[in-house]
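For reference, the structure discussed in these notes is given below.
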Amino acid sequence: MSLGNGKRTANREKRREIQEQLTSETEVLKDKKLIREEVNHRIVSGIKTMPLEYDSIFNEEKARQNKDSDLLILLFQRMFFYRLNEKLSAFECDHTLHLSEQILTQMQFSRGKMNEVLEVLKKNGGICDCEIIYNVESQLIGK
């Protein structure tokens with residue numbers, strides 16, 4: 001027994017709709033405005049709503065080798081390193097933690113938590129903003 005023309009069309013459209021949903025969920029954002037919105041959303045709320053290309057450079061196995069991995073992974077997921085990299089591309093590093101402090105404030109960390117985070121970053125080689133990118137972020141990305 002064959003399906004009628006209307007049923008075949010309905011099934012075909014249903015399959016196409018499901019494929020579009022699956023594709024849109026796994027596809028990374030390309031639009032700069034949407035990327036900016038996602039980064040801002042993650043920094044403030046910590047909730048990932050859409051995948052970003054940046055997510056794909058994270059290496060959990062490598063990150064877990066560090067005893068401070070939980071905090072560093074949280075910072076990566078909340079886009080701390082991404083935002084710091086952005087700021088450093090616009091400004092020259094003044095070899096302080098000024099930009100990092102700005103980002104942590106934007107992330108709504110209390111002063112006590114900020115100091116704790118900065119100590120962990122320093123302990124892992126992040127003695128200034130650019131060293132955080134070179135020494136700390138590199139422990140979380142790549143092979």
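The values are calculated or read from the model by the stated rules, or taken from the named source; none is laboratory data. Since we're looking at a predicted model, the values are computed, not measured. Positions of Cβ are generated from backbone atoms using ideal geometry, with glycine treated the same way; all protein chains shown enter the neighbour counts. What goes into the accessible areas is simple: the full protein's heavy atoms, side chains included, and nothing from ligands, DNA or RNA. Shrake-Rupley method; radii C 1.70, N 1.55, O 1.52, S 1.80 Å.
Just one of the listed residues (LEU97, LEU118, LEU75) is of a type outside the set (Ser, Thr, Tyr), modelled with pLDDT of 95 or more and touching a Cys at 6+ places or on another chain (Cβ under 9 Å), and it is LEU97.
Return the residue satisfying two criteria in turn: it lies in region 14-48 and is open to solvent by 80 Å² or more (accessible area, probe 1.4 Å) and either part of a loop (DSSP other than H, G, I, E, B) or β-branched (Val, Ile, Thr) (or both), and of such residues it is modelled with the lowest pLDDT. For region 14-48, the residue satisfying everything is ILE18.
Within region 103-124, restricting attention to residues that are in a loop (DSSP other than H, G, I, E, B) and in contact (Cβ under 8 Å) with a residue 12 or more places away in the chain, the residue that is nearest to VAL39 (Cα to Cα) is MET107.
The listed residues are ILE132, ILE127, and the only one of them that is at pLDDT 95 or above, of a type in the set (A, V, I, L, M, F, W, C) and not in a helix (DSSP H, G or I) turns out to be ILE127.
Restricting to region 79-93, and then to whatever is outside any helix (DSSP H, G or I) and touching a helix residue (DSSP H, G or I) at 6+ places or on another chain (Cβ under 8 Å), can you tell me which residue is modelled with the highest pLDDT? Out of the qualifying residues, it is MET79.
Which residues, counting only those in region 78-128, are of a type in the set (S, T, N, Q), under 20 Å from the mean Cα position of the chain (by Cα) and surrounded by fewer than 16 Cβ atoms within 10 Å (Cβ to Cβ)? Before the answer, list the steps.
First pass over region 78-128, keeping only residues of a type in the set (S, T, N, Q): 85, 89, 96, 100, 102, 105-106, 108, 110, 115, 124.
If we keep only those that are under 20 Å from the mean Cα position of the chain (by Cα) as well, we get 85, 89, 100, 102, 105-106, 108, 124.
Listed by number, the residues that qualify are SER89, GLN102, THR105, GLN106, GLN108.
Residues in region 60-77 that are surrounded by fewer than 15 Cβ atoms within 10 Å (Cβ to Cβ) and over 24 Å from GLU37 (Cα atoms): GLU60, GLU61, ARG64, GLN65, LYS67, ASP70.
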